[in-house]
1. Give the residue, chosen from ARG4, ARG62, that is in a strand (DSSP E or B) and among the basic types (Lys, Arg).
2. Identify the residue in region 7-59 that is touching a residue at least 40 places away in the same chain (Cβ under 8 Å) and in a helix (DSSP H, G or I) and, among all such residues, is farthest from ALA70 (Cα to Cα).
3. Specify the residue that is surrounded by the fewest Cβ atoms within 10 Å (Cβ to Cβ); the eligible residues are those in region 1-43 that are at pLDDT below 90 and in contact with a Leu (Cβ under 9 Å, 6 or more places away or on another chain).
4. Quick check on my filter: what residues within region 61-89 are at pLDDT 75 or above and among the hydrophobic types (A, V, I, L, M, F, W, C)?
5. Output the residues belonging to region 26-59 that are over 14 Å from SER82 (Cα atoms) and either touching a His at 6+ places or on another chain (Cβ under 6 Å) or of a type in the set (Gly, Ala, Ser) (or both).
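The values are calculated or read from the model by the stated rules, or taken from the named source; none is laboratory data. This is a predicted model, so every value here is computed, not measured. Note that each Cβ is placed from the backbone with ideal geometry, even for glycine, and that neighbours are counted across all protein chains shown.
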Amino acid sequence: MKARQVKWVERNEADPSRRISRIGGDGFNHTIEEAIINMHQETCRYWMVHQGAPVWIVLDTRPGPAYLRAEDDISEPDILLSLARDEYTA
């Protein structure tokens, strides 16, 4: 299984139930749907750096649509949302 470092997220402000529309990093750019399928099928895992430490991104399947969040997030995917695409430089 591949492990990819997420370095940016693209937000979809028009759809509050799915605030992230894409994730990406060096050599990849996945829609949120692709990322969810990759994680569900166990073909790829994602991680990010938060406050200098690696954090896994997990698939949350609480009642409602599945979404991605940082493992350390309790209720809202705020850590993952902190990776703004416009601040990422390759």
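1. Values: ARG62 fails: in a strand (DSSP E or B).
Result of the check over ARG4, ARG62: ARG4.
2. So, considering only residues that are touching a residue at least 40 places away in the same chain (Cβ under 8 Å) and in a helix (DSSP H, G or I), the one farthest from ALA70 (Cα to Cα) is SER17.
3. For region 1-43, the residue satisfying everything is ARG11.
4. Those that are at pLDDT 75 or above and among the hydrophobic types (A, V, I, L, M, F, W, C): ALA66, LEU68, ALA70, ILE79, LEU80, LEU81, LEU83.
5. GLY27, ALA35, ALA53
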